[in-house]
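*Asks:* Mind looking over this structure? Questions follow.
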Amino acid sequence: MFWVFAGLLFVWMILLMDFLIGMRNIPKLEQTHPSQTTELISVIIAAKDEEDSIHETIHTLTKQEGVMFEVIAVNDRSTDRTGALIDEASALYPDVQAVHIRHLPEGWLGKNHALKKGAELATGAYLLFTDADIQFEEQTLARAITFMKAEELDHLTAAPDLKARSFALRGLISYFLFGFGYLKRPWTANQKKPKGGMGIGAFQMMTQSCYQKIGTHEVVRFRPDDDLAIGQKIKAAGFRQKLVTAKYLLSVEWYPDFKSALKGFEKNAFAGLNYSIALSLFALFGVLFSQVLPFIFVFIGSPAVQIISAINILLLFCLYGLTTRSFTNYPWWMVFGLPIFAILFVFMLARALILTWIRGGIEWRGNRYSIKELKQFFRNSEEDHR
């Protein structure tokens, strides 16, 4: 066990160096001083059963300062008051356009189809794709467009402040960001190499020409991870892209409760692991082995194993703390919940994979999508990507 943990120690040291360099290259959008611009920004929102948040999202968008914008709010087959609230906003604010979708074509996920339909009506030189539960500070768009023009970017994606009501949800968010960091290396968006890339659904701003040249949402029409996928396609096509943090300009409640988080994880878990059973099992046992066992063997192992376990734990805390500090506003002491959050993550991932396997696919927003179709589209998408 000593040599196994010694190998893990080497891995964590490499990752820590990678994290330190990568995180340093992610700018903070709050540090950009906004300037006046004459370009029109078309903000496109896809909303399905979002009656609790859609009004406030549109309201914060209409309060944007120093920019010209239009808001295209797409009601995607909602069964609650979302459509009515969008209509009310459209009547109240002249810059808001309401769009209602009644039918979802075969071969599309609802959100992706709604975003494409909204983009077809956009008249701006810049497009911003966002979610129906995001809160915008008044200078968010002005800072973003100023940053894009200063950096001569084709695509800008921003990480928001992820709010949560409970300690468990905050722990899951911070742990998810930690795992996402070493799995996807989000800072690759800011490197000149065409590999990697990043896209965050809360804030995806791009030029109209970039969006058209990559093939619009048509190229990710059946991807549950559409935001990441479209960001990677933009990067692979050679466009200039950057990831920034915007913890004080954008905010969103991740999920209102643990049950909702479990449901949401069902959609993204298998997609995030490339629909690979082998990779999914590796992730499950890898997390248990590398991020739970050291906390056990630090108490029950031989003196040498206890020491190497303690060093592993120290490096894990450093990595976890670095990610949490960079992407959230959570207190530093949450790092001590790492083993608990790791076990929770394993439970959620195993549950999501089992349910996906039993159902033969995923259920999301009133629709069922077969795993066979999702995997086939993913393979085709990856072949096109290469």
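The values are calculated or read from the model by the stated rules, or taken from the named source; none is laboratory data. The shown structure was predicted, so the numbers you read here are calculated from the model rather than taken from an experiment. Because the Cβ atoms are built from the backbone with ideal geometry, glycine has one as well, and the counts that use them run over all protein chains shown.
*Asks:* How many of the residues making up region 275-295 are farther than 22 Å from ALA310 by Cα and of a type in the set (Phe, Trp, Tyr)?
*Replies:* Result for region 275-295: 2.
*Asks:* Does any residue of region 257-265 turn out to be within 18 Å of the chain's Cα centre (by Cα), assigned to a strand (DSSP E or B) and either at pLDDT 90 or above or under 30 Å from ALA144 (Cα atoms) (or both)?
*Replies:* No: region 257-265 contains no residue that is within 18 Å of the chain's Cα centre (by Cα), assigned to a strand (DSSP E or B) and either at pLDDT 90 or above or under 30 Å from ALA144 (Cα atoms) (or both).
*Asks:* From the residues in region 332-362 that are among the β-branched types (Val, Ile, Thr) and assigned to a helix (DSSP H, G or I), which one is nearest to PHE178 (Cα to Cα)? Please lay out each step first, then the result.
*Replies:* Let us first name the residues in region 332-362 that are among the β-branched types (Val, Ile, Thr), namely 335, 340, 343, 346, 354, 356, 358, 362.
Cutting the leftovers down to assigned to a helix (DSSP H, G or I) gives us 335, 340, 343, 346, 354, 356, 358.
On the way: VAL335: 11, ILE340: 14, ILE343: 14, VAL346: 14, ILE354: 24, THR356: 24, ILE358: 29 Å.
Among them, the one singled out is VAL335.
*Asks:* When you scan region 106-129, do you find a residue that is in contact with a Gly (Cβ under 6 Å, 6 or more places away or on another chain), in a loop (DSSP other than H, G, I, E, B), touching a residue at least 60 places away in the same chain (Cβ under 8 Å) and assigned by TED's automatic domain parsing to the domain that holds MET148, even just one? Spell out the reasoning first.
*Replies:* Quick first cut of region 106-129, residues in contact with a Gly (Cβ under 6 Å, 6 or more places away or on another chain) only: none.
The answer is no; no qualifying residue exists.
*Asks:* Shifting gears a bit: Among the residues of region 155-182, count how many are surrounded by fewer than 22 Cβ atoms within 10 Å (Cβ to Cβ) and over 30 Å from PHE347 (Cα atoms).
*Replies:* Looking only at that region, the number is 0.
*Asks:* Same structure again: Which residues, taken from region 173-196, are part of a helix (DSSP H, G or I) and basic (Lys, Arg)? Explain how you work it out, then say what you get.
*Replies:* Going residue by residue through region 173-196, those that are part of a helix (DSSP H, G or I) are 173-184, 186-190.
Within region 173-196, just LYS184 meets the criteria.
*Asks:* Given the condition under 21 Å from the mean Cα position of the chain (by Cα), outside any strand (DSSP E or B) and closer than 18 Å to PHE203 by Cα, answer yes or no: does some residue in region 29-47 qualify?
*Replies:* Yes; the residues of region 29-47 include at least one that is under 21 Å from the mean Cα position of the chain (by Cα), outside any strand (DSSP E or B) and closer than 18 Å to PHE203 by Cα.
*Asks:* Anything in region 314-331 that is more than 23 Å from the chain's Cα centre (by Cα) and surrounded by 17 or more Cβ atoms within 10 Å (Cβ to Cβ)? List them, or say none.
*Replies:* Selection gives LEU315 alone.
*Asks:* Starting from region 184-198, keep only residues that are over 13 Å from ALA237 (Cα atoms), then list their pairs with residues that are modelled with pLDDT under 85 whose Cβ atoms are within a distance under 9 Å, requiring at least 6 positions of separation or different chains.
*Replies:* Close Cβ pairs satisfying both conditions: LYS184/GLY272.
*Asks:* Looking only at region 207-237, which residues are touching a Gly at 6+ places or on another chain (Cβ under 9 Å), of a type in the set (A, V, I, L, M, F, W, C) and not in a loop (DSSP other than H, G, I, E, B)?
*Replies:* LEU228, ALA229, ILE230, ILE234, ALA236
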